[in-house]
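Following: one structure in structure tokens, then a few remarks.
The values are calculated or read from the model by the stated rules, or taken from the named source; none is laboratory data. Keep in mind the model is a prediction, meaning the values are calculated, not measured. No Cβ is skipped: glycine too gets one built from the backbone with ideal geometry, and neighbour counts run over all protein chains shown. Ligands, DNA and RNA are stripped out before the accessible areas are found, and what is left, the full protein with its side chains, is counted by its heavy atoms. Shrake-Rupley method; radii C 1.70, N 1.55, O 1.52, S 1.80 Å.
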Amino acid sequence: MNFCVLCSEKKIYREACHTHHLISGNGRRKKADIYNLTIPLCYECHEKIHADPDLLVASKFMGQLIYERDRIAEGQTKEQARGNFIQEFGRNYLWD
């Protein structure tokens, strides 16, 4: 059983019945799955993220950071990782 990553931070252990994609749709969800850019959430937390534009932007920000971190660990430079992210997902969510 997976637990909601947000609730478990508060020591509340609700079952995660939703998968939140850290990078939004438009045909990119399968890519988010390939790069493991998802987090398990309960229904309530998933609804909170999608109802709050700031939380939604923060989750995309986190998704890009995870993607770039993993590419850098594979030997890419920060610039290569950023360029590859933009090519894969269509835009840059980070502030430089």
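A few remarks follow.
- Relative contact order of the chain, taken over Cα pairs closer than 8 Å and 6 or more residues apart, is 24 percent.
- Sparse-neighbour loop sites [trypsin sites (Lys or Arg not before Pro); the range 66-96; at most 11 other C-beta within 10 Å; DSSP]: R91
- Nearby lysines by direct alpha-carbon distance to K30 (threshold 20 angstrom, same-chain neighbours under 8 apart not counted): K60
- Each residue of the chain gets 115 Å³ once the volume of the Cα convex hull is shared out per residue.
- Candidate aspartates and glutamates for bridging to K11, where Cα separation is under 17 Å - those fewer than 8 sequence places away on the same chain excluded: E44
- Amide H partners (placed H, <5 Å) of F3, local residues excluded: A16
- The gain in end-to-end length when the R14 to I34 segment is fully stretched comes to 4.6 nm, 0.36 nm per residue minus the alpha carbon separation.
- Using the Cβ-Cβ distance between A73 and E44 with R0 set to 30 Å, the FRET efficiency from 1/(1 + (r/R0)^6) comes to roughly 0.35.
- Per-residue accessible area (protein heavy atoms, 1.4 Å probe) orders E47, E88, E68 as E47, E88, E68, starting from the largest.
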